[in-house]
Amino acid sequence: MLKTFRRAFVLSLILVMPAFADTFVFTAIPDADETRLKERFQSVADYLDSKLDVDVRYIPVKSYAAAVSAFRNNQVQLAWFGGLSGVRARALVPGSEAIAQGKEDQAFETYFIAHDSTGLKPSDDFPMDIKGNTFTFGSKGSTSGRLMPEYHIREAFNAAPEEVFERVGFSGNHSRTIRLVEAGTYQVGAVNFKVWEKEVASGDVNTDDVQVIWKTPTYPDYQWTIRGDADQRFGDGFTDRVRQALLSMSDPALLEKFPRSAFVPASNADYEPIRNTAEKIGIID
Amino acid sequence: MLASPTVRVTLIVTVVGILCAFLGDLAITTVNPWQDLKDLFLGVVTPDFFSIDQVGVALLRTVAFAFVGVALGSLAGFLLSLVFGSRVIRIGCAFVRAIHELFWALIFLQFFGFHPLTGVLAIAIPYAGIFAKVYSEILEENDPTPERVLPEGTGRLARFLYARIPDALPHLVTYTSYRLECGLRSSAILGFVGLPTLGFYLESSFSQGYYSEVGAILILFYVLIATLRHWARPRLIPAYLVAAPFFLGDGLPIVWGNVSRFFTQDIVPAPIRDGDGLGALGDWLTQLLLNEALPGIWNTLLLTQIALVCTGLVTLIAFPLISRHFGNRVSRGGGHVLLVIARSTPEYMLAYILLQLWGPSMLPAVVALALHNGGIIGHLIGRRSNEIQLRPDAPSGFNRYSYELIPRVYPPFLAFLFYRWEIIMRETAILGILGIHTLGFYVDSAIQEIRFDRAILLILVTALLNIAIDVTSRRVRRYLRLQTRVTCEGH
């Protein structure tokens, strides 16, 4: 019996040995329907694999923080981050850079959505009468689902969300926010406008039960970020080749996965506003 | 009557529980909670086993992580149990088992990342602490006679192997196989934080409302647990153990620099890391304790006490369902099925499901904890009640229940309830990850904000609170002169 245990132990130690020495691994924040993550990004992995001369692998993660940690720990070298997760990741990995963003990410928006029973109506000004309702953000680490809506709520009421609303929750991702507000579990929610538009277009939202009541001013959001040591590990000019591969992605079926119309160049400086906002509400040091 | 310690303790716990229920938030906030419940039920009866292509692999991984984790835990626990007399070892074991598997997984994820070792250690470490304690209790309870008849000068090892082990072995095996079942539950749950086990897919499918996929995963999980004793035969175990490490998946390679960075930088409090001095550290600590630890402790205790009373209620309602003193063969069969489902469903999974259906409050957590723990204790008390012989002219129905059985099973009932107090608290804390504002909520927030210094401190607070409950529970049990047999799946 003991012998068996020992054998099992030795075997599990053997598994500690690195297995994927020179595979280029990327991940993406799980911002929408997590059951489809693999099919969503596997085609992107295949595309990159064909454009770069290394093996490319996609690995799904369960949370925004897990994406940042995997990037920081060098278990992934490239990531499709949100604005905030990208800022966090680049602060933790010196030398890493934002290399491309979606065309829409230059002017991204958050939609505040409300359940029909609240009687809230669409308006151009911040909807002050959301006060006292129940409210859900997306993931705790989301830019469009947490950072920007919380910023605007704090600006409008000069108080923390917990003081403004009867109940505050974190749904986990944008599709779930839509589902929760649609079902009335929460009366009001904040959602990534691209996910909202995609779900409405595909008929997954019952717009009799839930509608957009306010749109935030625009801000920069998602971007591809690569580690600073990528050239050293995968050869000179590798970062440029990755950037080129991303910028030249033109297959609508691939772009639809994000969903974006095209990718355009990005730089770390583009995300200064996000970092400032995050510091203001105290979720980064 | 008030002079009886049993009555007094029962009254105090009940009154505290009711007070907590007034202070806690127990609302159902969904507009239409029954619609989702109906959809879920429809999903379970129309399971879709083919839409998730990974589900077979996930099932395999769930079993593999459970086997490797429990095997390592039991080996380490056995070795530790031999030196359990040492105070340091005892405290160390109490400490590692006070931290929930999910917290361990969240910690290891930060530096081992998506490597199988994360899942294996997340199970093995807390289990080692539990095994050490229970194994040492089993060895201690041994009949001392065989040792006395050994000749003078028998070596310690021979003494141990020939006089202690043979007597204790059946109990050790029974307990270990029970823990294997727990290990399968833990392994499945680890998927919720990103390991490739069943929980990973359950969480994803549930959050999208793909109830037929949820149904398929739940059914697979119940079948796995219910058939455990048929496929996990003692003779096959060595084969499973040898095979299991090969089915953990390859994950991603460990970068060892991350490990040292985690311990030398990440978990060092930010003011010290940035060299801001002791004053800043004081502020940092005060802020963390006031804004996160205290509200977390308060909510954790509220929820624990409500759940403890409700667990007691569920137990008292549930145990007659399988007791031979009530009903007939058919009704007891149904009762067994109900209790098996209640205790096989991990409370984390149950709370997750109920939270989706009823909205965010303490209610889903209370119901989940009460059903799961009430199912376990109800099963034990039901079995205990079967050993009771009633007089032929004993009353039937409610009088039999209240005048014949309750007085007889009440002491073991209280013993098991208090035994699980600490377990309920540990689960309560972890349920915070789902959004209820117990300690786990603040731990999860700190991790989402990549502030591991705060996360670790809050996990320490959780562990200390758990140890405090454990000590209190032992005192109460001693005050009531209650004994639990350790081999009775108490943990």
task = Past 22 Å, Cα to Cα, is the threshold; run A:LYS121/A:LYS257; A:LYS194/A:LYS215; A:LYS103/A:LYS215; A:LYS62/A:LYS140; A:LYS131/B:LYS38 against it and keep the listed order.
result = A:LYS121/A:LYS257; A:LYS131/B:LYS38
note = chain A, Gaussian network, Cα under 10 Å: of A:VAL164, A:VAL54, A:VAL25, the residue fluctuating most is A:VAL54
inquiry  = Under a Cβ-only charge scheme (Lys and Arg +1, Asp and Glu -1), can you give me the dipole magnitude of the protein assembly as shown about the Cα centre, in debye to the nearest 20?
reply    = 3760 debye
ask   = Among rounded, prolate and oblate, which fits chain A when a ≥ b ≥ c are the square roots of the eigenvalues of its C-alpha gyration tensor, a/c under 1.5 means rounded, and a/b larger than b/c means prolate?
value = prolate
ask   = So what is the relative contact order of segment B:82-202, in percent, for Cα pairs below 8 Å that sit 6 or more residues apart?
value = 26 percent
query = If each of B:LEU460 and A:ARG36 carries a label point 7 Å out from its Cα toward its Cβ, how far apart are those two points in nm?
reply = 4.6 nm
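Over all residues in B:104-113, what is the mean tally of Cβ atoms on other chains that come within 10 Å of each residue's Cβ?
Details: counts 0, 0, 3, 0, 0, 8, 5, 2, 3, 10.
Per-residue shielding by partner chains comes out at 3.
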ask   = Semi-axes, largest first, in whole Å: what does sqrt of 5 times each Cα gyration tensor eigenvalue give for the protein assembly as shown?
value = 46, 32, 25
request  = Note the full-extension length gain between B:LEU23 and B:SER4 as 0.36 nm times their separation in residues minus their Cα-Cα distance, in nm to one decimal.
outcome  = 4.0 nm
remark   = Per chain B, sqrt(5λ) over the Cα gyration tensor eigenvalues, sorted largest first, in Å, gives 34, 30, 27
query = Of all DSSP beta bridges located in the protein assembly as shown, what percent are antiparallel, nearest 5?
reply = 65 percent
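Given a Förster radius of 45 Å and the C-beta distance between B:ALA158 and B:SER396 as r, what FRET efficiency does 1/(1 + (r/R0)^6) yield to the nearest 0.05?
On the way: r = 56 Å, r/R0 = 1.25.
Efficiency, from the Cβ-Cβ distance: 0.20.
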query = Counting Lys +1, Arg +1, Asp -1, Glu -1, what net charge surrounds A:ARG72 among other residues with beta carbon under 11 Å of its beta carbon?
reply = +3
request  = May I ask for the net charge around B:VAL409, where only other residues with Cβ less than 11 Å from the Cβ of B:VAL409 are counted and Lys, Arg are +1 while Asp, Glu are -1?
outcome  = +1
task = Work out the length of the dipole vector of segment A:109-215 about its Cα centre, built from +1 on the beta-carbon of each Lys and Arg and -1 on the beta-carbon of each Asp and Glu, and round it to the nearest 20 debye.
result = 340 debye
query = What is the packing order of peptides A:273-283, A:199-209, A:101-111, B:389-399, taking the mean over residues of other C-beta atoms within 10 Å and listing the highest first?
reply = A:101-111, A:273-283, A:199-209, B:389-399
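Say R0 is 41 Å: what FRET efficiency, to the nearest 0.05, do B:THR145 and A:ASP55 get from their beta-carbon distance?
On the way: r = 65 Å, r/R0 = 1.59.
Here the calculated transfer efficiency is 0.05.
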Peptides ranked, highest mean first, by Cβ atoms within 10 Å: ranges A:63-69, B:447-453, A:32-38, B:261-267 = A:63-69, B:447-453, A:32-38, B:261-267
message = If I model a spin label as a point 7 Å beyond the Cα along the Cα-Cβ vector, how far apart are those points for A:ASP124 and A:SER43 in nm?
response = 3.9 nm
ask   = Relative contact order for chain B: what is it in percent, counting Cα pairs under 8 Å that are at least 6 residues apart?
value = 22 percent
ask   = When Rg is the radius of gyration of the Cα atoms in segment A:77-165 and Rh is its Kirkwood radius, what does Rg/Rh come to?
value = 1.05
remark   = Sorting A:GLY119, A:GLY169, A:ALA66 by the position of each Cα along the dipole of chain A (Lys, Arg +1; Asp, Glu -1; all at Cβ), the one nearest the positive end of that ordering is A:ALA66
Nonlocal amide H pairs with A:ARG57, under 5 Å, H built at 1.01 Å = A:PHE24, A:VAL25, A:PHE26
query = Taking amide hydrogens as modeled 1.01 Å from N in the peptide plane, which residues meet the under 5 Å criterion relative to B:ILE28, leaving out close sequence neighbours?
reply = none
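Considering every residue in B:246-255, what mean count of other chain Cβ atoms within 10 Å of its Cβ is obtained?
The shielding value for this peptide is 5.
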query = Once Lys and Arg get +1 and Asp and Glu get -1 on their Cβ, which of A:LEU247, A:GLN232, A:ASN206 lies farthest toward the positive end of the dipole of segment A:173-270?
reply = A:GLN232
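Per residue of A:180-187, what is the mean number of Cβ atoms on other protein chains within 10 angstrom of that residue's Cβ? Each step should come with its number before you reach the end.
Details: counts 5, 0, 2, 10, 7, 13, 4, 2.
Other-chain Cβ atoms within 10 Å of each residue's Cβ, averaged: 5.
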inquiry  = Using a Cα-Cα cut-off of under 26 Å, which lysines could be cross-linked to B:LYS133, ignoring same-chain neighbours fewer than 8 residues away?
reply    = A:LYS3
Net charge dipole size for segment B:50-266 [Lys, Arg +1 and Asp, Glu -1 on Cβ; Debye, nearest 20] = 360 debye
query = So which DSSP H runs in chain B come out at 15 Å plus along the axis (Cα) with average Kyte-Doolittle of at least 1.0?
reply = B:5-23, B:55-82, B:87-98, B:101-111, B:116-140, B:211-226, B:294-322, B:347-358
request  = Normalising by the residue count of segment A:27-82, find the relative contact order in percent from Cα pairs under 8 Å and 6+ residues apart.
outcome  = 51 percent
query = Restricting the count to DSSP beta bridges whose residues both fall in chain A, what percent are antiparallel, rounded to a multiple of 5?
reply = 65 percent
task = Tell me the label-point distance for the pair A:VAL212, B:TYR410, using the 7 Å Cα-to-Cβ offset, in nm and rounded to one decimal.
result = 6.5 nm
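Read-outs: derived from the displayed coordinates by stated rules, not from any lab. Predicted, not measured: the structure shown is a model, and the values here were computed from it. Heads up, the Cβs are rebuilt from the backbone with ideal geometry, glycines too, and the neighbour counts pull from every protein chain shown.
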